[in-house]
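Presented below is the structure to which this report refers.
The values are calculated or read from the model by the stated rules, or taken from the named source; none is laboratory data. Predicted model only: the values in this text are computed from it and were never measured. Don't worry about glycine lacking a Cβ; one is built from the backbone with ideal geometry, like all the others, and counts go over all protein chains shown.
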Amino acid sequence: MNRGRIADTICTVTELNRREWLNRVLALGSTAALSGVLGACGSNQKRTQGLVGTPIPDNPSVPRFSGPRVPITKPAATNAPTGLPSGVIARSRWARFGPDVSLADPMRGIDKITIHHDGMPPQNLRGMDQCARQIEIIRRGHRNNGWADIGYHYIIDPEGRIWEGRPISLQGAHVKEHNPHNLGILVLGNFERQQPTPQAMHALDRFVAAQMRQYGIPLSRVLTHQELAPTACPGRNLQRYMDWTRARGGNLASA
Ligand SMILES: [Zn+2]
């Protein structure tokens, strides 16, 4: 195998694994690592050629190249995110900008879930466009706080849709001093003053149960914001629902 073929192989592997590497880099939260990965087919080509070392026999059953080394300072979490859950609307449908990863810490595993409301003046959101606009307003507000992105990882709207928020490779910003390993789920509405819709609660039960299964989270670690910090969030009406759904015979407890 000549140098040219090796370089082509490196580029092919790089393209195939780019998403996986980007996820890993996001998990590391390192712009230095990011530039290293993205440079693998260009400025770093000489360095990656140097990693090939002893020529490998041209045997298709032998892996020829294991990919450029991405510096990893900590082992990946065992329950690291693997992608967007089915049925979740991608953030490209609503977000005008991506997160500023330089302002966020990596998530490195999820061990609890916290439920929120937005607490804004009550509205009757209808349709995808209104909901998308509302989520973008929240993102802008959180960015104006100097945060990396919208603080929550998922958003549930009154018609039962679930939207992607901050990528789950990044730690959220939704419970002060309790953000590490904490999956933040926002239900759109002000549940001090409104009742959550049956569609939203059905979506919440179904989605939270799926996340519990995915990350091995017990019911005792499905929390509301006010159970971690002095706040009215998620509002008395959603809190009442959460108390019921987690209690014996409730939807989440029975899931
Ligand atoms: Zn909250």
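Things to note:
- Of the residues making up region 220-246, those that are of a type outside the set (D, E, K, R), out of contact with any helix residue (DSSP H, G or I) (no Cβ under 6 Å at 6 or more places or on another chain) and free of Cβ contacts under 8 Å to residues at least 40 places away in the same chain number 4.
- Residue ID - surrounded by the fewest Cβ atoms within 10 Å (Cβ to Cβ), chosen from residues in region 90-105 that are in a loop (DSSP other than H, G, I, E, B) and of a type outside the set (A, V, I, L, M): Arg96
- Residue within region 92-102 that is in the same structural domain as Asp205 (by TED's automatic domain parsing), closer than 20 Å to Asp205 by Cβ and either within 16 Å of the ligand (Cβ to nearest atom) or aliphatic (A, V, I, L, M) (or both) present: no
- Filtered residues of region 106-152 (kept if within 13 Å of the ligand (Cβ to nearest atom), outside any helix (DSSP H, G or I) and surrounded by 15 or more Cβ atoms within 10 Å (Cβ to Cβ)): Ile113, Thr114, Ile115, His116, His117, Asp118, Gly119, Ile150, Gly151, Tyr152
- Per the listing Val208, Val187, the residue uniquely away from the ligand (no atom under 11 Å from the Cβ), closer than 15 Å to His116 by Cβ and under 22 Å from the mean Cα position of the chain (by Cα) is Val208.
- In region 175-199, the residues that are buried (at least 19 other Cβ atoms within 10 Å of the Cβ), in contact with a Lys or Arg (Cβ under 9 Å, 6 or more places away or on another chain) and not in a strand (DSSP E or B): Phe191
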